[in-house]
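Every number in this text was worked out from the coordinates using simple rules, so none of it is lab data. Since this is a predicted model, take the numbers as computed values, not measurements. Virtual Cβ from ideal backbone geometry, glycine too; neighbours counted across all protein chains shown.
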Amino acid sequence: MRLYRLPKFTSIDDLTLSEAPRPTPGRGQVLVKMHAASLNYRDLAIVVGRYGLAAVPQNVVPLSDGAGEVIEVGEGVTRVKSGDRVAGIFMQSWMGGEIQVTDRGSALGGAIDGVLAEYCVFNEQGLVHLPAHLSYEEGATLPCAAVTAWNALFTQQRLRPGQTVLVLGTGGVSVFGLQFAKAAGAQIIVTSSSDEKLERARTLGATHGINYKTHPEWEKEVRRLTDGRGVDHVIEVGGAGTLQRSLASARLGGTVYLIGVLSGVGQQIDPMPILGGGVTLRGIFVGSRDMFEAMNLAIGVHQLRPVIDRVFAFEQAREAYRHQFSGAHFGKVVIRIS
Ligand SMILES: NC(=O)c1ccc[n+]([C@@H]2O[C@H](COP(=O)([O-])OP(=O)(O)OC[C@H]3O[C@@H](n4cnc5c(N)ncnc54)[C@H](OP(=O)(O)O)[C@@H]3O)[C@@H](O)[C@H]2O)c1
């Protein structure tokens with residue numbers, strides 16, 4: 001079978017198409033014929049050797065997010081059967097409850113081999129069924145970006161109808177945040193560097209759009225659009241360069257979900273808005289299998305369809321990475337495997 005590996009971590013050109021024997025499932029394991037995979041910003045950090053959250057072994061098979069069909073099950077498997085349409089969960093050992101330190105060592109396409117391969121073996125516990133109305137390409141967008149947005153909005157400080165959500169940018173996590181918030185009956189404010197993307201966000205249900213290039217002090221716009229009150233929830237993917245403004249955008253007692261660091265790390269943050277504003281700052285690290293399954297139910301009920309920007313062929317994996325990391329995309333970038 002064909003698969004990609006990363007023999008070193010310096011650039012996208014390190015992605016190497018290789019051959020390996022097709023794996024066979026052992027006891028409790030499942031062989032999945034992979035049909036599609038999707039990219040996340042994390043995958044660039046890994047390919048260029050800048051992923052700080054876990055050690056990544058040499059020759060790892062990249063990408064955490066993929067979907068396919070079960071074609072063989074090992075002895076004792078009961079959760080899935082041949083023909084089932086499934087996706088791998090991001091951290092293979094995080095089933096539910098709070099994340100454990102060891103779960104970080106079970107992340108696909110990072111600590112352990114990922115899904116950019118024609119066939120993958122998973123433990124039966126590390127899979128979920130796809131929502132029935134989704135294609136494999138759509139299903140492949142869910143494990144990281146969608147579960148992260150779901151974990152933020154629906155597991156602790158739960159979003160309620162009528163509340164307001166601010167999402168930063170129009171990448172994978174943020175567009176899922178927008179779709180979930182819309183389905184939950186919220187108002188949504190989106191920021192973007194592009195007026196064209198803001199227009200697209202409006203067609204998906206965003207109430208307001210703010211161009212953060214033409215409005216560098218966008219938190220003031222957020223206040224203006226909410227009659228000075230601020231928003232209830234912030235999907236914060238920018239990190240050091242945006243966190244202070246996200247905190248200033250939150251209402252008294254609101255919540256900022258710190259998810260990404262697209263604009264960098266290491267800057268000083270003034271803690272006073274957290275203290276004086278009673279703002280909850282909550283770090284998010286993807287989510288558990290329980291969260292993934294709860295999200296899939298909601299995706300099914302609302303017949304939500306992930307927003308796919310572009311689909312690349314398996315042989316075009318490097319081009320897919322370049323497209324994702326150009327920032328030109330809106331939503332998710334997918335690689336068709338078969
Ligand atoms: N903690 C977790 O569990 C978790 C899970 C998933 C992702 N993440 C992190 O979350 C971040 C987003 O991931 P992703 O996969 O959704 O990325 P992505 O699809 O590559 O998103 C890129 C988009 O983010 C927007 N953006 C970039 N810089 C920005 C800034 N300074 N302010 C506002 N928006 C900005 C841009 O949108 P416009 O083009 O519209 O301006 C850009 O197109 C990454 O840092 C990633 O590592 C973390």
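So what's the net charge close to Thr214: Lys and Arg +1, Asp and Glu -1, counting the other residues with Cβ under 12 Å from its Cβ?
The answer is -2.
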Which of Val175, Ala140, Leu15 sits farthest toward the positive end of the charge dipole of the chain, with +1 on the Cβ of Lys and Arg and -1 on the Cβ of Asp and Glu? Val175
Cβ under 12 Å from Val80's Cβ, Val80 left aside: what net charge do those residues give with Lys, Arg +1 and Asp, Glu -1? -1
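Just for the chain, what percent of DSSP beta bridges are antiparallel, to the closest 5? Can you show the working numbers first?
Details: 29 of 56 bridges.
The answer is about 50 percent antiparallel.
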Going 7 Å from the Cα of Ser82 in the Cα-to-Cβ direction, what parts of region 15-53 have a backbone nitrogen less than 12 Å from that spot? 31
Treating the beta-carbon of each Lys and Arg as +1 and of each Asp and Glu as -1, no other charges, what is the dipole magnitude of the chain about its Cα centre, to the nearest 20 debye? 460
Counting other Cβ atoms within 10 Å, keep those with at most 11, restrict to DSSP loop, and tell me which GluC sites (Glu not before Pro) in region 64-126 are left. Glu75, Glu98
What do you get for GluC sites (Glu not before Pro) in region 229-338 restricted to DSSP loop and a cutoff of at most 13 other Cβ within 10 Å of the site's Cβ? none
Where Rh is the Kirkwood radius over the Cα pairs of region 48-125, the temperature 25 °C and the viscosity 0.890 mPa s, what D in µm²/s does Stokes-Einstein return? 181
Rounded to the nearest 10, the angle in degrees between the Cα long axis of helix 172-183 and the longest principal axis of the Cα atoms of the chain comes to 70
Cα axis of helix 317-326 to longest principal axis of the chain: angle in degrees, 0 to 90, nearest 10? 10
Prolate/oblate/rounded call for region 272-332, Cα gyration tensor, a/c under 1.5 rounded: oblate
Quick one: grab the alpha carbon gyration tensor of the chain, order the square roots of its eigenvalues as a ≥ b ≥ c, and give me rounded if a/c is under 1.5, else prolate or oblate depending on whether a/b is larger than b/c. prolate
Is there a quick way to get the dipole size of region 34-135? I mean about its Cα centre, with the Cβ of Lys and Arg at +1 and of Asp and Glu at -1; what is the value in debye to the nearest 20? 260
